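Where a number appears in this text, it was derived from the coordinates with a stated rule and is not lab data. All of these numbers come straight from a predicted model, not from anything done at the bench. Neighbour counts run over all protein chains shown; Cβ positions are idealised from the backbone, glycine included.
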Amino acid sequence: MNAPIRSIRGMNDILPEDIHYWQTLETTAKQVCAAFGFEQMRLPLLEKTDVFTRAIGSATDVVSKEMYSFDDRNGESLSLRPEGTAGVVRAALQNGLLYGPVKRLWYSGPMFRYERPQKGRSRQFHQIGAELFGAPGADADAEILALGSRLWERLGIHNLRLEINSLGNSDERASYRDQLYSFLNAHRDDLDDQTNERAERNPLRVLDSKDPKVQVLLEDAPLLADHLGEDSRAHYEQLKRYLDRLGIEFHENPRLVRGLDYYCHTVFEWITDELGAQGTVCAGGRYDKLVELQGGKPWPGIGFAMGEERLVELLRQKDDIVPPVVHAYLVAVGENSTESALELAYDLRAGNPGLRLMVNLNGGSFKAQFKRADRSGALLALVLGEDEIRNGQLAVKFLRSGDQQLNMGRDEAGDWIRKYIDSI
């Protein structure tokens, strides 16, 4: 006998008991994005590897260590998408969506990175992202942050901290990178091999380190803010004024950088302290050079991506989000009961699109069927016995509330159930 096949490590099933949290998150995100004028797009899972190496940067861990890449039969290198923004830019360029009015786009779906699986981090993970093109000012930055803030409000998640920083432009970052490298190189003996390797490839990545000893050392490191020019400072200060006006609380983190090379000026993260080390649930920033890196004319952009797995963990902690119950379970025993039950269920569902109704399958006695109804979590048992079938009646038993049984004509059932659903 063959052993059962198991899922790939780090690629997890999402089971029915959890799906309501995912649906709550995704439905709410869809509504909030629409309220801000963002249009949905869907992207392929596979892209040419160049889409990511150009955009993300070959010195990043994502490209150098974490991508699932392979050559197809024609010898072309393809990769499972490790993030969404680079693919959105590729699609927007290819389909002529840029170089006109401001374009607002959002997407959702699975991403893939070969990382060490742990709580809040898996090899297949899911993101919802929003991207805004064609607006270079701090007002666009504020609008993106307002979208995220409104989403947390709608979801009832109040334990997130917004951190912001400015990376300036490419010349300012280059000047800072040289100074930071000199600082790190002077402390090579105090750093582990991995951190020294990261410093050689891209010193800004060291600022991302979660190692407490590295963070202590960085307290004496130079600050990027000291290298910002007048225009970059003005952009950042204007953003802070907008956020104050909107009532969006933020914390300045002068060492905040993003793990992808295409970011400039504003970067940000929403962080929770309730998920351990994997506390960042949403992050993003401005990427004004990315369209050019992908082969287009220069065009400004800003966006973010949120990790669905981590947000689902936060939703699980809320008392007011619980998996939905089955409204009703249809119990039927007697001659022609199966035909009558299927017909009744078909009609009730047609007249009540929100009705969640299970029909008993595989027969069984009334006692056995009521046990199944109870295990289903249904609020009601709709009963078709021989008398009800013969007389065109329906009995309604309340499985949870203890209310007295009701009897009604089958033609009344649709209206009664509709009112009942609206009342709960």
Starting from the amide H of Met67, placed 1.01 Å from N in the peptide plane, find each other amide H under 5 Å away whose residue is 5 or more places distant or on another chain. Tyr114
Ranked output for segments 184-191, 294-301 by mean other Cβ atoms within 10 Å, highest leading, reads 294-301, 184-191
What number, rounded to the nearest 500 deg cm²/dmol, is the helix-based mean residue ellipticity at 222 nm of the chain, given -39500 (n - 2.57) per DSSP H run of at least four residues and division by all its residues? -12000 deg cm²/dmol
For segment 294-303, in order, what is each residue's ³J(HN,Hα) by Karplus, 6.51 cos²θ - 1.76 cosθ + 1.60 with θ = phi - 60°, in whole Hz (x at glycine and Pro)? 8, x, x, 6, x, 7, x, x, 8, x
For a 30 Å ceiling on Cα separation, which of these pairs sit above it: Lys103/Lys210; Lys289/Lys318; Lys210/Lys240? Lys103/Lys210; Lys289/Lys318
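Given Cβ point charges of +1 (Lys, Arg) and -1 (Asp, Glu) and nothing else, what value in debye, to the nearest 20, does the dipole of segment 97-148 about its Cα centre take?
Taking the Cα centre of segment 97-148 as origin, the dipole is about 480 debye.
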Integer Hz, Karplus 6.51/-1.76/1.60 couplings in order for segment 413-424, x for Gly and Pro: 4, x, 5, 5, 5, 4, 5, 5, 4, 5, 7, 9
Hey, if you put +1 on the Cβ of every Lys and Arg and -1 on every Asp and Glu Cβ in the chain, which of Gln179, Thr24, Ser401 ends up farthest toward the positive end of that dipole? Ser401
Mind checking which of Ala55, Ala381, Ala29 has the largest fluctuation in a GNM of the chain, springs on alpha carbons under 10 Å? Ala381
Computed for segment 328-423: size of charge dipole around the Cα centre, +1 on C-beta of each Lys and Arg, -1 on C-beta of each Asp and Glu, debye to nearest 20, value 520
Say the dipole of the chain comes from +1 at the beta carbon of Lys and Arg and -1 at that of Asp and Glu; which of Asn336, Asn74, Ala3 then lies farthest toward its positive end? Asn336
Using packing as a proxy for protection, rank 92-100, 278-286, 206-214 so that the peptide with the highest average count of other Cβ atoms within 10 Å comes first. 278-286, 206-214, 92-100
Find the centroid of the Cα atoms in segment 178-228 and in segment 374-424, then give the distance between the two in whole Å. 68
Packing-based exposure ordering (other Cβ within 10 Å, fewest first) of Phe366, Phe112, Phe250: Phe366, Phe250, Phe112
Where trypsin sites (Lys or Arg not before Pro) fall in DSSP loop in segment 84-180, at most 12 other Cβ within 10 Å: Lys119
Rounded, prolate or oblate: which fits segment 327-393 when a ≥ b ≥ c are the square roots of the eigenvalues of the alpha-carbon gyration tensor, with rounded for a/c under 1.5 and prolate only if a/b beats b/c? oblate
Using the Cα centre as the reference, give the magnitude of the dipole from point charges on the C-beta atoms of segment 239-349 (Lys, Arg: +1; Asp, Glu: -1; all else neutral), rounded to the nearest 20 debye. 880
What residues have an amide H closer than 5 Å to that of Leu380, excluding those fewer than 5 places away on the same chain, when H is modeled at 1.01 Å from N in the peptide plane? Ala328, Tyr329, Leu399
Taking the alpha-carbon centroid of each part, what is the distance from segment 296-368 to segment 55-115 in angstrom? 34
What number, in percent, do you get for the relative contact order of segment 380-422 if the mean sequence gap of Cα pairs under 8 Å and at least 6 apart is divided by its residue count? 30
Using Cα pairs closer than 8 Å and at least 6 residues apart in sequence, work out the relative contact order for segment 328-423, in percent. 30
Of all DSSP beta bridges having both residues in segment 299-424, the percent classed as antiparallel (nearest 5) is 50
A correct Karplus calculation of ³J(HN,Hα) over segment 266-282, with 6.51 cos²θ - 1.76 cosθ + 1.60, θ = phi - 60°, whole Hz and x for Gly and Pro, returns 5, 10, 7, 9, 9, 10, 10, 9, 9, 10, x, 5, 8, x, 7, 9, 7
Ranking of Ser64, Ser365, Ser376, Ser166 by count of other Cβ atoms within 10 Å, fewest first: Ser365, Ser64, Ser376, Ser166
Positive end of the charge dipole of the chain (Lys, Arg +1 and Asp, Glu -1 on Cβ, about the Cα centre): tell me which of Gly84, Ala345, Gly168 has its Cα farthest that way. Ala345
Just want to confirm a number: the relative contact order over the chain, from Cα pairs under 8 angstrom separated by 6+ residues, in percent. 16
